[in-house]
Amino acid sequence: MATHTLGQHVRQFSSSVIRHASLVKAPIQVYGVEGRYATALYSAASKHNKLDQVERELAQVSTLIKDPKLSGIVVDPHVKRNVKQQMFCNALTRAKLSHITINLINVLADNGRLTLTGGVIAAFAKMMSAHRGEVLCSVTTAHPLDEVMSADLKVALKSFLQKGETIKLETKCDPSILGGMIVSVGDKHVDMSTKAKIQNLTNLIRET
C-alpha cells in the first residue's frame, strides 16, 4: 500500500466522507484528529488482514517514542520536518515494522503531526478492544485488590455486559477515596467510595 493511500483515508475522514465505499468502518468512533488517523489506519490494516500485527507494531512504536533522543527531536520545533520523518522512519525500518505502520508515521510527518503519534496509538487501541468485544472497566480503590477480590469483581461486572462481550479490567489505587471503590463500565459510572459517602453526608447535614 502506497503512503498516499493512508493519507487519502485521513483526508476522507477529515471531510466527513465516513461512508466512502473504499473505507472499512471501525467498530467504534473515536473523535478528534487522533481518531481520524486511527480510523484510517484501522481501515488500511483491516483491508490487508493485519489488524493484530499493526497493533503489536504500534506497541513497539510506543516504546520507541519514549526514547529521549528520538522524542526530543520530534518535539523540537527547530528540527526540520523531513529530518524528523527520516529519523523516525529509520528507527521503524530497523525494527522491521510493516509498510502500513511506517506509512502512518510518514503521513503524520507529512502533515506536521508527529507529536500526535501517542494519541493515535491510544485511539487505535480503543478500536481494537471494541473489535475484540472488550469492554473497558476502570476500578479505583484505596488499596490494591488481591486476586480473590479481582476475580469476584470480574464476575459481578459481567452483569453489565452483552452477549459476546468480555471485561477488560483496569485497576487503579487512589488513597484519597479512603475506602470503597469507583467503577466505570463503558458509559456507566458509579462512585461507591467512602469519600463520596462522607461528602454526601456532609452536604445533607448542611442542607438541614
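The values are calculated or read from the model by the stated rules, or taken from the named source; none is laboratory data. The model shown is predicted, which means the values in this text are computed figures rather than measured ones. Every residue, glycine as well, gets a Cβ built from its backbone with ideal geometry; the counts of neighbours run over all protein chains shown.
A single entry from LYS80, LYS66 fulfils the requirement of being out of contact with any Asp or Glu (no Cβ under 8 Å at 6 or more places or on another chain) and more than 18 Å from GLY119 (Cβ to Cβ): LYS80.
Tell me, which residue of the range 116-127 that is hydrophobic (A, V, I, L, M, F, W, C) and under 16 Å from SER62 (Cα atoms) is surrounded by the most Cβ atoms within 10 Å (Cβ to Cβ)? That would be VAL120. Looking across the range 90-115, the residues that are closer than 13 Å to GLN60 by Cα and either touching a Pro at 6+ places or on another chain (Cβ under 7 Å) or at pLDDT below 85 (or both) come down to ALA91, LEU92, THR93, ALA95. Restricting the range 158-208 to residues that are exposed (fewer than 10 other Cβ atoms within 10 Å of the Cβ) and among the hydrophobic types (A, V, I, L, M, F, W, C), the residue that is nearest to GLU147 (Cα to Cα) is LEU204.
Quick check: is even one residue across the range 3-18 out of contact with any Leu (no Cβ under 8 Å at 6 or more places or on another chain), surrounded by fewer than 19 Cβ atoms within 10 Å (Cβ to Cβ) and either of a type in the set (Phe, Trp, Tyr) or modelled with pLDDT of 90 or more (or both)? No, because not a single residue in the range 3-18 is out of contact with any Leu (no Cβ under 8 Å at 6 or more places or on another chain), surrounded by fewer than 19 Cβ atoms within 10 Å (Cβ to Cβ) and either of a type in the set (Phe, Trp, Tyr) or modelled with pLDDT of 90 or more (or both).
Considering only residues that are in contact with a helix residue (DSSP H, G or I) (Cβ under 9 Å, 6 or more places away or on another chain) and of a type in the set (D, E, K, R), look in the range 45-65 and name the one that is nearest to ARG94 (Cα to Cα). It comes out as GLU57.
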